[in-house]
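Engineer: My questions will all concern the structure given below.
Where a number appears in this text, it was derived from the coordinates with a stated rule and is not lab data. Not measured: the values here are computed from a predicted model. Note that we place each Cβ from the backbone using ideal geometry, even for glycine, and neighbour counts take in every protein chain shown.
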Amino acid sequence: MTGGRVRTAPGTAVLAALILVLAFGNPAYVDWANRNASPNSAWGFFLHTLAWPSWSFSSKESVQTLLANDIKALLLIILTGVFVAMMAGSRGNASQFLAGWGGYIFAAAVAGFLAAFIQVNASVLGAFTWAAGGAVYGLFVGWIVGLASAVGRP
């Protein structure tokens, strides 16, 4: 117990997901990554991947694309809690780490898949593409959520 509250792996994972989405999905970071990080280097790939759950309140994109991106970011946070709660059955640090990481991969893939259907020219192929982007994002960034889940367990 810390401060009268019990920290849970899903709660800590949601907090980590929220911080990641707010810090690296915001328009300022996304613009910076697009201008300054070379996608042809490992570090540039990681910086671009961090920007996958981009969100914005104003954009030159269509309203549907704007809404789809915002819903994708929101679904990622919500589904992280759902999937980590479903996967976090064991109490060991390693299992909590893997539950957090795996839950984040699933959350990102499902969020991408569902949000893709809001796009202007929505298609099943487009949804698969967004899901694949989410899975790649979860694979390369989800270890951060996994660490938070392992550290945040009671």
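Engineer: For n ≥ 4 DSSP H runs only, could you compute -39500 (n - 2.57) per run for the chain, divide by its residues and tell me the 222 nm figure to the nearest 500?
Structural biologist: After summing the helix terms and dividing by residue count, I get -25000 deg cm²/dmol.
Engineer: If I model a spin label at E61 and A94 as a point 7 Å from the Cα along the Cα→Cβ vector, what separation in nanometres do I get?
Structural biologist: A separation of 4.0 nm, rounded to one decimal place.
Engineer: Rank by packing, highest mean first: peptides 40-51, 96-107, 129-140, 11-22, with packing defined as the count of other Cβ atoms within 10 Å averaged across residues.
Structural biologist: The peptides rank, most packed first, as 96-107, 11-22, 129-140, 40-51.
Engineer: Scan the chain and note any complete DSSP helix (H) whose C-alpha atoms cover at least 30 Å along its axis and whose Kyte-Doolittle average is -0.5 or more.
Structural biologist: Helix filter hits for the chain: 63-87, 93-116, 124-151.
Engineer: Quickly rank 144-151, 71-78 as a protection proxy: mean count of other C-beta atoms within 10 Å, highest first.
Structural biologist: Top to bottom by mean Cβ count within 10 Å: 144-151, 71-78.
Engineer: Taking amide H positions as placed 1.01 Å from N in the peptide plane, with prolines and chain starts having none, which residues 5 or more places from Q119, or on another chain, fall under 5 Å of its amide H?
Structural biologist: It is none; the list stays empty.
Engineer: Give the Rg/Rh ratio for region 9-151, taking Rg as the radius of gyration of the Cα atoms and Rh as the Kirkwood radius, to two decimals.
Structural biologist: Rounded to two decimals, Rg over Rh is 0.98.
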